[in-house]
Each structure stands twice: as structure tokens, then as C-alpha cells.
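Colleague: Encoded as C-alpha cells, here's the structure I'll be asking about.
What follows is calculated from the coordinates using simple rules that are stated; it is not laboratory data. What you see is a predicted model, and the numbers here were worked out from it, not measured in a lab. Virtual Cβ from ideal backbone geometry, glycine too; neighbours counted across all protein chains shown.
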């Protein structure tokens with residue numbers, strides 16, 4: 001892209017028109033933009049990143065899809081995520097609700113969150129949306145937008161981790177795990193999260209209870225008790241219960 | 001948060017290194033070149049739509065059809081995608097149990113890539129066949145797995161050959177006595193130690209080629225796959241080693257584009273019949289279904305044990321180097337087609 005112009009070459013006119021074409025059609029600007037974004041975000045699979053990027057700039061994609069693509073450019077633990085969220089918000093702000101009004105409204109916000117949470121069980125998603133108490137007509141300020149998006153991204157990772165956890169609880173790999181074991185894990189998590197923020201000693205205890213040793217002890221006792229009444233639980237049930245715990249820590253915004 | 005990011009250090013490398021590692025600039029430049037080329041044919045082309053389609057097919061690995069050899073060879077992703085394309089287009093040959101000569105396989109390859117050199121395909125034949133039997137017919141599954149190893153790891157194999165030759169020379173120089181490993185094979189190996197075809201010490205060979213692994217300049221098989229092959233035999237010949245690479249399920253999985261050998265010819269009939277070759281407007285067109293299912297990962301214990309036993313078998317053949325062994329090896333190549341195809345009668349018809 002950055003090759004020098006060669007004057008007095010025989011095909012000068014041809015070269016010039018190609019360059020002009022690339023600039024006129026916006027391709028040159030797009031390449032500059034995508035290259036900057038790749039270098040900044042360092043995606044694990046740049047080829048997939050490129051495909052997503054060009055899918056999102058195609059004319060018929062909605063603002064929501066484009067915002068979603070921006071949000072997914074980097075993991076939410078990376079510092080650049082904050083910048084990307086801002087970028088997505090600014091993009092959505094261009095939406096015009098009516099001739100005079102423009103900005104991010106509840107409908108768009110809900111759509112975006114739903115798009116981000118595609119892999120999360122729908123029951124959980126509904127409950128999460130209830131927490132946001134977001135009406136379709138109301139304007140969404142940036143801080144609400146940011147915390148909503150961030151919650152969804154964290155929840156997504158939380159669901160993935162819960163699935164992995166279920167995988168290790170499912171000892172026979174039958175797709176169903178011993179309910180007693182699942183309950184033990186949940187209980188351990190709930191007690192840990194129940195601790196007061198100011199109580200340092202309890203926080204340390206919680207950390208221990210969720211560690212390998214603490215979890216092992218809890219699972220061991222649960223295993224001992226469960227021999228008589230061992231009912232089974234599917235992954236979905238387990239996920240919903242795990243997410244209940246997560247949702248209990250999500251505070252209502254307004 | 002323990003979300004695993006195996007390539008965590010991609011954030012600490014320089015931008016140039018990161019872009020180079022993933023061949024980002026190769027694809028950006030190629031996409032522009034393709035865009036300009038297509039614009040000459042069709043001035044009304046929508047550039048954004050074109051680019052969107054370009055990168056979608058790049059991601060899905062459907063981007064190597066009818067491209068020039070220089071492009072197909074340039075990245076590991078392109079090479080692997082081309083091997084998969086070949087499999088998708090021509091697996092009905094394997095299904096029928098047809099055996100083809102290496103020239104015929106080259107013709108098939110050039111249907112997909114007109115300037116694909118004969119040498120790579122010929123080298124593939126040398127993995128499967130002995131030097132004096134290069135005109136033998138080869139089954140589809142033998143060909144495609146050997147072709148995959150030869151094309152995907154070309155630079156690695158060249159290095160391996162150099163190392164093998166230098167080990168052979170060292171072994172035969174009078175200053176370095178031949179190392180005789182202990183064990184049941186001892187007598188046989190000792191008797192044959194002056195025969196060049198008898199190979200090199202497998203462990204010594206492993207130590208010599210191991211430093212090649214995980215170089216960024218070219219693709220190499222995973223070290224575990226090499227261990228699987230070389231830790232289980234006392235001695236190995238170069239082509240025995242290549243044959244074992246081609247038979248290794250774990251190496252095939254690491255490339256990740258072809259199914260395991262047992263499922264190579266599986267697939268619904270509609271899938272198998274849909275790759276139609278037809279002439280349209282004087283231009284050859286191939287239609288094939290877009291298969292979004294990844295290669296089936298189904299490895300049984302018996303299969304994973306096979307590469308090592310295969311290497312052992314190879315070693316014995318080449319160790320003796322007698323005529324009967326050679327003809328056995330020729331036969332082995334044609335036998336395999338009937339082994340894995342369920343219709344034995346068709347393959348014996350072609351013999």
C-alpha cells in the first residue's frame with residue numbers, strides 16, 4: 001500500500017488510477033484503519049479478525065452488528081477494551097430515533113447485549129435484562145452502557161468457566177453430574193461470596209474455601225454423603241444455578 | 001480469571017513480528033492485488049463486498065482454488081487449505097478405490113493449481129514407493145497423507161534430509177565407529193551396518209532434528225509426534241521416517257484439515273457426489289460443498305499406536321533391502337486401498 005509513486009513510468013496513468021480508485025472507494029482508508037486495529041488489539045486469529053472487520057463494514061450490516069464486532073476485538077481484561085467500548089458507544093450514538101433525537105436508546109442497548117450474550121442460556125439472559133430494568137425509549141448514558149456491556153462480557157466468561165467446572169464434576173462423562181457434588185460447589189461459592197467486603201479474615205477464608213484444598217474437602221464430604229440419594233443434574237441446570245449466584249451480585253442500576 | 005491465552009506473549013512482541021508471524025501483510029497485499037485484478041474484468045465491482053468475500057473465504061480456507069503456486073505455497077494456512085481442497089474435490093477417487101500413477105495425481109493437482117510443480121508430487125511418490133518402483137500405482141489415501149507431509153513440511157523435510165545425509169556420512173567415516181544399540185535387534189543391525197539403506201540410529205536422528213522444531217521460519221511437526229515415531233524404533237531410514245510422518249494420526253491432527261485415515265472417505269453421499277467438474281464458458285469450474293464441520297477428531301488407542309509400529313515395519317524392510325522385501329512394499333502400497341475402503345471388489349478389479 002505504501003509503495004512510492006514512480007513518475008515518468010510508461011504505465012504511470014494506470015498506476016495513478018489504481019491509487020485513485022483505492023482512495024476514492026475508501027479502501028485505502030479502511031486498510032489503514034484495520035491495520036491499526038490489528039496492531040492495537042493483537043487478535044489471536046488475525047484472519048478471522050479481518051473477516052469480521054470486513055463483514056461489519058459491508059453496507060447492509062446494522063449499527064448493532066458493527067458495535068458488537070468492535071466490542072469483540074479484544075478480551076475485556078485488556079486495557080484497550082475501554083477504548084473499544086467508547087468507540088462502539090460513539091458509533092451507536094449516530095443512530096437517529098427521530099428527526100431531532102439521536103443517541104443510544106434502550107432498544108439498541110438491549111439488542112446489543114443480547115447479541116453479546118448469544119451463548120448464555122436464555123433463562124439467565126432474561127433475568128439479567130430484568131436487572132437492567134431498561135425501557136426501550138429511555139436514553140442510555142455512557143456509564144450505564146459501559147457497565148452493562150462489561151457485565152455481559154464477564155458473564156460470558158463465567159458461563160464458559162462454569163461449563164468447564166461441570167465437565168470436571170461429570171466424572172463418567174455422561175453429560176450428567178452428581179447433584180450432591182454440584183450443590184457442594186455452589187454452596188462453597190455462595191458462602192465465599194456472602195462475605196463482607198470489610199471483613200479481611202472472612203475474605204481470606206473465602207479464598208481458601210474456593211482453592212483446590214478447600215474445594216476438595218467440600219467435594220469429599222459431599223461424596224461421602226451422596227451414596228444413598230445420588231440424583232443427577234444436567235449441564236444446563238448447573239449453569240442456571242451458577243448464574244443465579246452471579247446475578248445475585250449484579251446490582252440494579254437505578 | 002483463568003481464561004487461557006496460550007499466545008499471551010503476542011502482546012509483548014513488536015508489531016512487525018506479530019504481523020509477520022500471522023502473515024497479515026501477505027493477505028492484505030494479496031487482497032488488494034486481487035481486487036485490482038478483478039476490477040479490470042468488472043469495472044462495476046463493489047470493492048467492499050469483494051473484500052468481505054475475500055476475507056470470509058480466507059477464514060474458511062476456501063481461497064486457494066485456481067490460485068498460482070506462489071500464493072498457495074506462501075503461508076501454512078494456504079498450504080493446509082489447498083490440501084483440504086484437493087481432498088474435497090477428489091475423494092470420490094478414493095471412494096471408488098481407484099489407484100493412480102503419480103503423473104495422474106499431478107494432473108489432478110494442476111486442475112486446482114495450474115502451475116503446481118511436478119517435483120513436489122514426485123517427492124510425494126518417493127515417500128510411498130521405492131526408487132525403482134516410482135511408476136507404481138498409488139491409492140488415494142496413501143497419496144493424500146504423504147502429499148500433506150511433503151507439501152506442508154517441505155522446508156523441514158529438506159533440512160531433515162541434509163541432517164540424515166550428514167549422519168550417514170559420520171556413521172560411515174572410519175574415525176567414528178558405528179554405534180550398535182543393545183537389544184534383540186542387535187545381531188541383525190550389526191550385520192547390516194555397512195549397508196547404506198539400513199538407516200541411522202533413531203535416537204541420534206531425533207536429537208539432530210529436534211532443534212528444528214518450533215522455528216518461526218517454517219512449519220514443523222509437533223515434537224511429540226516425532227517422539228512417537230523415533231522413540232519406538234532402534235534405527236530409521238529417511239523414507240521410513242517420512243512414511244511414518246505420513247501415517248501419524250497425531251501429526252495429521254496437528255495440521256487439522258484432513259479427517260483421520262479411518263474417516264477419510266466417509267461422508268454423506270450428497271456430499272460425495274456434489275463435487276462436480278464441468279466445463280462452463282471454456283473455463284473449468286469445480287463445485288464443492290462448503291463444509292463447516294471441522295475434521296473429525298476420533299482417535300482410538302489402536303490408531304495412535306500404529307505410527308510407531310509402522311516405523312518399525314519400515315525399518316525392517318529397508319534394513320534387509322532384499323528383493324522380496326521390495327516387492328512386498330510395492331504390494332503393501334496397493335493393499336492399503338482395499339484395507340480401508342469397504343468395497344473390496346472394486347479395488348481388486350482395478351489391480
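Colleague: Please determine, in degrees from 0 to 90 and to the nearest 10, the orientation of helix A:122-132 with respect to the longest principal axis defined by the Cα atoms of chain A, where the helix direction is its Cα long axis.
Modeller: Approximately 80 degrees, to the nearest ten.
Colleague: Kindly provide the helix-only [θ] at 222 nm of chain A, computed as the sum of -39,500 (n - 2.57) over DSSP H runs of four or more divided by all residues, to the nearest 500 deg cm²/dmol? Spell out each step's value before the answer.
Modeller: Details: 12 runs with 167 residues, N = 254.
The per-residue figure over chain A is -21000 deg cm²/dmol.
Colleague: Let me ask another. Sorted from largest to smallest, which semi-axis lengths in Å does the alpha carbon gyration tensor of the stretch B:32-146 give for its equivalent ellipsoid, taking the root of 5 times each eigenvalue? Intermediate results must be reported in sequence, preceding the final value.
Modeller: Details: eigenvalues 217, 38, 28 Å².
Working through the eigenvalues yields semi-axes of 33, 14, 12 Å.
Colleague: Related question: Sort B:10, A:225, B:91 so the one with the fewest other Cβ atoms within 10 Å of its own Cβ comes first. Write down the numbers at each step before the final one.
Modeller: On the way: B:10 16, A:225 11, B:91 22.
Final ranking by Cβ density, sparse to dense: A:225, B:10, B:91.
Colleague: For each of A:143, B:201, count neighbouring Cβ atoms within 10 Å of the residue's Cβ, then give the residues from fewest to most.
Modeller: Numbers: A:143 9, B:201 21.
By the 10 Å Cβ count, ascending: A:143, B:201.
Colleague: Between residue B:103 and residue A:142, with labels modelled 7 Å along Cα→Cβ, what's the label distance in nm to one decimal, could you check?
Modeller: 7.2 nm
Colleague: Quick one: order B:65, A:242 by neighbouring beta-carbon count within 10 Å, fewest to most.
Modeller: Arranged by neighbour count, lowest to highest, B:65, A:242 become B:65, A:242.
Colleague: Could you give the spread of the C-alpha atoms of chain A along their three principal axes, from largest to smallest, in whole angstroms?
Modeller: 89, 45, 37
Colleague: What does the extension gain come out to for residue B:161 and residue B:132, with contour length at 0.36 nm per residue minus their alpha carbon separation?
Modeller: Answer, rounded to one decimal: 8.5 nm.
Colleague: Evaluate the stretch A:21-100: find the radius of gyration of its Cα atoms, find its Kirkwood radius, and give the ratio Rg to Rh. Kindly include the intermediate steps, with their values, before the conclusion.
Modeller: Details: Rg = 13.5 Å, Rh = 13.6 Å.
Looking at the stretch A:21-100, the ratio lands at 0.99.
Colleague: How far is helix A:46-57 tilted, in degrees, relative to the longest principal axis of the Cα atoms in chain A, given as a value from 0 to 90 rounded to the nearest 10?
Modeller: Its long axis makes an angle of about 70 degrees.
Colleague: Put a dot 7 Å past each Cα toward the Cβ at residue A:171 and residue B:203; how far apart are the dots in nm?
Modeller: A separation of 4.1 nm, rounded to one decimal place.
Colleague: Now for a different question. Working from the alpha-carbon coordinates of the stretch B:13-60, get Rg over Rh, Rh being the Kirkwood radius. Don't jump to the answer; show the numbers that get you there.
Modeller: Values: Rg = 12.8 Å, Rh = 11.8 Å.
For the stretch B:13-60, the value is 1.09.
Colleague: Next question. Which angle from 0 to 90°, rounded to the nearest 10, does the C-alpha axis of helix A:212-225 make with the longest principal axis of chain A?
Modeller: 50 degrees
Colleague: Something else about it: Please state the shape class of the stretch B:75-121: rounded when a/c is under 1.5, otherwise prolate if a/b exceeds b/c and oblate if not, all from the C-alpha gyration tensor.
Modeller: Oblate, since a/c reaches 1.5 and b/c is not below a/b.
Colleague: Something else now. If each residue of separation counts as 0.36 nm, what is the full-extension length gain between residue A:23 and residue A:39 once their alpha-carbon separation is subtracted?
Modeller: 3.6 nm
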